[in-house]
Amino acid sequence: MIPLKDSIPTERTPWVTIILIVANVLVYFGLQGGGILSGPDTGSVIEFGAIPYEITHPGTECAAAGEQLVCGDASEVRSDQAPTWLTLFTSMFMHGSILHLGGNMLFLWIFGNNIEDSMSKVRFVIFYLLGGLAALALQVVFSPDAAVPTVGASGAIAAILGGYLLRYPRARVITVIFIIFFFTVIELPALLVLSLWFAQQIVFGALEWGAPAGGGGGVAYFAHIGGFVFGLAAIGLFAQRRAAVPPRRPVLR
């Protein structure tokens, strides 16, 4: 399912959401050196991505050795990577491909503007960053020794989705549904769209965790789960105002 638009109008211009989208795009094409047909520079991903092994092993650093990462004592491993604490934040603005970036920014725009509209700009920034940190924290809990950079805004965006589910469950979302080689566009309740999305993360996360090789196609499902749960738990503390849900259009027979 790919959401295209929701039914909740915003009462204020979502400047923070716009700035976040611009920042993510600039980081991808500027800092990461990514392109439309090519992915980002591997060095930038290693330097500014969050590596679980470094988080759970303070004082260690990971550096590229051919196509693999070698981790060890910071004094023994030559690495130009940014400080570990900084990567907790920089990793939220990095992406692995143009499709990764585009998908995340689509979700951020559709659902983020309404969550921003429900609270002050400062509260929204704090909510977004804490959601990203909570997402990364759960991913590290389930993969503490992973020597693979974790990048993407999806954890913070998952927090927005969790908040949206509680805040606007009666909203409607225009969604593209793919069925093998065919697709259709229908309007679905936000409660259904977001609940199915969350259930999918749980199922795929469980399959990844239970796999012998632990491979899940490079998707941080537990980060999505962590961010979503944070959004469910914290939206009541951050949101201050609620937008009215427009009534459904009558069906003409």
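Could you work out the relative contact order of segment 101-219? I mean the mean sequence separation of Cα pairs under 8 Å and 6+ apart, divided by the number of residues, in percent.
On the way: 91 pairs, mean separation 24.4, N = 119.
For segment 101-219, the relative contact order is 20 percent.
Under the 0.36 nm per residue contour assumption, what length would be gained going from the current alpha-carbon distance of Leu237 and Trp85 to full extension?
Values: separation 152, 0.36 × 152 = 54.72 nm, distance 2.57 nm.
Here the segment from Leu237 to Trp85 would lengthen by 52.1 nm.
By how many nm would the segment from Val203 to Val141 grow when fully extended, if each residue of separation counts as 0.36 nm and the alpha-carbon distance is taken off? Mind showing how you got there, number by number?
Numbers: separation 62, 0.36 × 62 = 22.32 nm, distance 1.75 nm.
Contour length minus the Cα-Cα distance gives 20.6 nm.
Specify whether the C-alpha gyration tensor of segment 143-230 places it in the rounded, prolate or oblate class, a ≥ b ≥ c being the square roots of the eigenvalues: rounded for a/c under 1.5, otherwise prolate if a/b is larger than b/c and oblate if not. Working shown, then result.
Numbers: a/c = 2.47, a/b = 1.52, b/c = 1.62.
Oblate, because a/c is 1.5 or more while a/b does not exceed b/c.
Which FRET efficiency value, to the nearest 0.05, do you get for Phe181 and Leu129 by plugging their Cβ-Cβ distance into 1/(1 + (r/R0)^6) with R0 = 51 Å? Please list the in-between numbers first.
Details: r = 40 Å, r/R0 = 0.79.
According to the calculation, E is roughly 0.80.
At q = 0.12, 0.15, 0.17 Å⁻¹, what log₁₀ I(q)/I(0) does a Debye calculation on the Cα points of the chain give, no solvent, two decimals?
So the normalised log intensities are -0.72, -1.08, -1.33.
Given the DSSP H assignment, sum -39500 (n - 2.57) over each helix run of at least 4 residues in the chain and divide by its residue total; what's the result at 222 nm in deg cm²/dmol, nearest 500? Kindly include the intermediate steps, with their values, before the conclusion.
Working: 9 runs with 126 residues, N = 253.
The per-residue figure over the chain is -16000 deg cm²/dmol.
For the residue pair Ala23 and Ile36, what label-to-label distance in nm results when each label sits 7 Å from Cα along the Cα-to-beta-carbon direction?
2.7
Kyte-Doolittle mean at least 0.0 and Cα extent at least 27 Å along the axis: which DSSP H helices of the chain qualify?
Values: long enough: 98-117 (28 Å, 0.67); 121-142 (32 Å, 1.82); 190-210 (30 Å, 1.38).
Those that pass (Cα extent of 27 Å or more, hydropathy at least 0.0) are 98-117, 121-142, 190-210.
FYI, it's all coordinate maths here, none of it is from the lab. Just so it is clear, the structure is predicted and the values come from calculations on it, not from any experiment. Positions of Cβ are backbone-derived with ideal geometry, glycine not excepted, and every protein chain shown enters the neighbour counts.
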